[in-house]
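Please read the structure below before turning to the comments.
Read-outs: derived from the displayed coordinates by stated rules, not from any lab. A quick note: this is a predicted structure, and the numbers were derived from the prediction, not measured. Counting neighbours? That spans all protein chains shown, and the Cβs are built from the backbone with ideal geometry, glycine included.
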Amino acid sequence: MASSSSPSAPARTYRGVPPDERRAQRRAQLITAGIVVYGERGYRQATVKAVCEAAGLTERYFYESFGNSEELLIACFHAVTHAVMEQIMEAARHAGDSRTARARAMLHAYFAALQREPQSARVFLVEIRGVSRAVDKAFDAALRTIGEEVARMVAPPGAASDPLLQAGIVGGVIHIALRWIGDGYQPAIDAVTDSALRLGIVLARPVRIAQDAGAAPDNQWLK
């Protein structure tokens, strides 16, 4: 009889691919399929079966990676967010030292990504909202991270450390994106980029507050 301390047999490979790698591949297939299905049908109209059919996998493999559809939706959202952020940050790195130039490049890359991948845009902007508390928390956490990363690249001193200001700017840009998509991606990208840039500049400018607490604030923007 074998001792309980004997090492277990190594997991079998299939066509030279280890089990962990095969599971990761199946998970990636499901995420890719989820983005397509949720983007085409909407999350609430999609089923696990539909996602599995799009991925070319059985439902058994779905539950190997995800406990339920919400977990897949969150994974799809994170995948889309990561891909979009990579494009945004790459644009910023090539835009030079000017904060305004970096902001414009990042916004242009953002809107271009939404137009280029409408299914991903729907998952990122529409389907993620209002599903459950867990999904809302994932969405909020992602927006906080986006706000911090964007502020690190483009915000003037002082604004970069204000999480409420970051939330306002990111939320404002998202609402512009929603209107733009709803209007059939009109006006052109350069025009919607300019609108979003103007919003960010206005919100990021600090105001001079009157020293007298009883006086009205000075509405002149600081330069």
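Assorted remarks:
- Gain on full stretching of the segment that runs from ASP20 to GLN119 - 0.36 nm per residue minus C-alpha separation: 32.8 nm
- Inter-label distance, nm, simple model (7 Å from Cα along the C-beta direction), ARG205/LEU143: 2.5 nm
- Kirkwood-based shape ratio for region 70-204, expressed as Rg/Rh from alpha carbons: 0.95
- Relative contact order (%) - region 66-186, alpha-carbon pairs under 8 angstrom, separation at least six: 23 percent
- Summed side-chain charge close to ALA121 - residues other than ALA121 whose Cβ falls under 14 Å, Lys, Arg +1, Asp, Glu -1: 0
- FRET efficiency for the pair HIS175 and ASP97, taken as 1/(1 + (r/R0)^6) with r the Cβ-Cβ distance and R0 = 30 Å, rounds to 0.55.
- Whole-Hz Karplus values for region 45-51 come out as 9, 9, 10, 4, 4, 5, 5 Hz, taken residue by residue from phi with 6.51 cos²θ - 1.76 cosθ + 1.60 and θ = phi - 60°; glycine and proline positions read x.
- Gain upon complete extension [GLU53, SER132; 0.36 nm per residue less C-alpha separation]: 25.9 nm
- A simple packing score, the average count of other Cβ atoms within 10 Å per residue, orders the peptides 175-185, 72-82, 112-122 as 72-82, 112-122, 175-185, with the highest score first.
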